[in-house]
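Notes follow the structure.
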Amino acid sequence: MLKHSLNFKLSQKLSPQQIQLMKLIQLPTQAFEQRLQEEMVENPALEGSLDDNNESLDDYNDTSNDEDGYDDYDNDQIDTGDINIDEYLSNDDTPDYKYQSNNYSDDDEDRTLPVAAQISFHQDLINQLNTFILSENDREIAEFLVGSIEDSGYIRRTIQDIVDDMAFTQGVYTDEKSVEKVLHIVQQLEPSGVGARDLQECLLIQLKHKTPTESVNLAIAILDKQFDAFTKKHYDKLLQKFDCSKDQLKKAIEEIEKLNPKPGGSYDSNSRIVEHVVPDFTIRIVDGELELLLNGRNAPELHVSKDYQEMLQTYKVSSDKSNSQKDAVQFIKQKLDSAKWFIDAIKQRQETLFVTMNAIMYFQREYFLEGEESKLKPMILKDIADMIGLDISTISRVANSKYVDTPYGTKLIKEFFSEAMKNDQGEDVSTIEIKNILERVIADEDKSKPLPDEDLAAILKEKGFPIARRTIAKYREQLDIPVARLRKKM
């Protein structure tokens, strides 16, 4: 059982070690593994593995009296005569700590997925340019334009800026007319819409690449002549302007809605290497009780290098302690101190993660047993901080970047936190539940007459949640739901 013996104190000035510990706590599993590997490369006195059962040495204790711990790693004034060598040595190879969580067996397979090599978005555009017959000057302009395309697929710079930039950085002297001509060639590349300078041009490019039909032609006219009215969904104005039926307008709008406002983004989503989430915790239900496991990859077994111990032993038995030997011992001590601190920091990190998630699990016990979001209690960072005696910022570092595998799916821990609202019975209700109700109400509304925030507030009041209109607006924005006018459909 892990000891709940953490003692973090607020101070105006954090030591470098405290800052490093906070950074370690914040790291999710995969990033932590990378940080561990970096530390082992940098410090040869630190040895171990993420998955091998390496031996660990007994505690070795530092005799320095520094107030902040190990702030003098780089201090050249260490008096090697004061070093108690015996305290850096141990004849006991039995580890004094074993913090490997038993949720990964030795028989588990390495499930790392192979990653296929992908060419970049811009390289693909350059490859497409090779299918066009261009003069040397036009090709230089075309390649510069492709290099100016953002990941979303747009060129956000003016033609004049591009002309000037080519002259200053490439020594290519051209004019706006030539760049415009080549830009139209670039805009023929795939994905359709790439190279546009704004949303209107992006959508028009895509429509003009389509086979002309009555709906496509009307859609082009709408975007070309009445783009502002379209974005504001002033459908009555569009009906009057183009003298068309509601059915014709509806089909034209459907054509527009099929288009991609971020053509570069679609390419990126298909070629991006997907980083799979590795849960930092697992919650299981065993015989009706909750069981919390910390991912074993967060619990490496580390030890101090035996080679470094032997070096100290050699120095201890040596009768002639030269200056060079003293310098070597000073270096060894610094590396041992650093390794010892890092091992202790990892142990503190593990304890911090475990006690924090354990408190969250029991605070939200009903939810984890039943899986119903309505069972989620209002919970803020201070609730958990008060339960386990840690600082709110520490709880935030755990919650914001860690995932837990539950019987109901893998969840980001911060999603369990929410403020409290009172229903008409005076009971505290999680804002998560209220947002879910708001989302369902909006999903079920008549899209030809979407509900304004005032009406949404009235509906939630009828359901027992008296909430102000401005609060409805805040929740709607947090759910990334637009205002009623922009939700309107034909």
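Only the coordinates and a few stated rules stand behind these numbers; no lab work does. The structure presented is a predicted model; accordingly, all values stated were derived computationally and were not measured. Neighbour counts run over all protein chains shown; Cβ positions are idealised from the backbone, glycine included.
What to note about this one:
- Computed 3J(HN,Hα) for the stretch 370-384, one whole-Hz value per residue from the Karplus formula 6.51 cos²θ - 1.76 cosθ + 1.60 where θ = phi - 60°, is 10, x, 8, 5, 5, 8, 5, 7, x, 8, 10, 4, 5, 4, 6, glycine and proline marked x.
- Cut-off 13 Å between beta-carbons: net charge of the residues surrounding Ser192, Lys and Arg +1, Asp and Glu -1: +2
- Neighbourhood net charge (12 Å Cβ-Cβ; Lys/Arg +1, Asp/Glu -1) for Thr410: -1
- Pairs from Lys181/Lys241; Lys402/Lys474; Lys461/Lys489; Lys435/Lys488 whose Cα-Cα separation, in the structure shown, is over 28 Å: Lys181/Lys241
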